[in-house]
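Each remark here refers to the structure printed beneath this line.
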Amino acid sequence: MRIRRMSVGALTILAAVVASLGANAQGGGGAPAPAAQGGGQGGQRAAGAPPPPMRLVSTDISDGKPIAGKFTCAAGPEAVSPALQWMQPPRGTESFALIVHDMEPRPRKGVDDILHWMVWNMPASANQLPEGVSPASADLPDGSHQTNGFAGQGGNFGYRPPCPPQDVPVAHHYAFEIFALDQKLDLPAAATRADLLKAMDGHIAGHATLVAPFNR
């Protein structure tokens, strides 16, 4: 019986058919390989959504709206600090610091404006300051500390109410800034805002602000 020689092209086709049949047998009848999980490009897992930003809110003041008189020098000695609440601090927060300042004045044409209140080393579990924090002591019950740029003057170690010049048509803007920090701060009771800012530098994990105008 004469055996007919196969051409090189025919052998190549035959080899491809055999290989295809073998692959189908191993793969369960030709079912496609499962797609990579994660839905990202190149089979990589898609990155999760970023955490929500830290927020500062208040039942007493609203961002962009004038401050009520009871929280200003218009109330005289009866003026009190507004209630503040913050939420969604970042992971790793170890303490909070608050700075309240009047952004308009520039004494001596410097970078500093007028400080009205600052509180530091509020514990990581804290999420609010109530209305009417007592200004009578630099030390607060939760272990935090407060000052105002004129600590102890008139028996006031805490909140100094906004009090811009009278009859000035342009309102002053008062910023309430809360900072989430990745550590507690080692500062003396007589610390200045410059001391606080220097200590916070490199440790700010989160930040939120309310700005409210006031004029008389």
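The values are calculated or read from the model by the stated rules, or taken from the named source; none is laboratory data. What you are looking at is a predicted structure, and each value in this text was computed from that prediction instead of being measured. Heads up: the accessible areas ignore ligands, DNA and RNA and are worked out on the full protein's heavy atoms, side chains in. Shrake-Rupley method; radii C 1.70, N 1.55, O 1.52, S 1.80 Å.
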(message) Below 23 Å, Cα to Cα, which lysines can residue 109 reach? Residues fewer than 8 away in the same chain don't count.
(response) 198
(message) With a 1.4 Å probe and all protein chains kept in place, how much accessible area does residue 173 have, in Å² rounded to the nearest 10?
(response) 60
(message) Rounded to the nearest percent, how much of the accessible area of segment 85-167 (1.4 Å probe, protein heavy atoms only) is carbon and sulfur?
(response) 52
(message) For 118, 87, give me the order by solvent-accessible area with a 1.4 Å probe, most accessible first, ignoring ligands, DNA and RNA.
(response) 87, 118
(message) Once ligands and nucleic acids are excluded and a 1.4 Å probe is used, how much of residue 59 is accessible, expressed in Å² to the nearest 10?
(response) 110
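Could you report segment 113-216's accessible area per residue, 1.4 Å probe, as an integer in Å²?
Computed with neighbouring chains in place, this is 48 Å² per residue.
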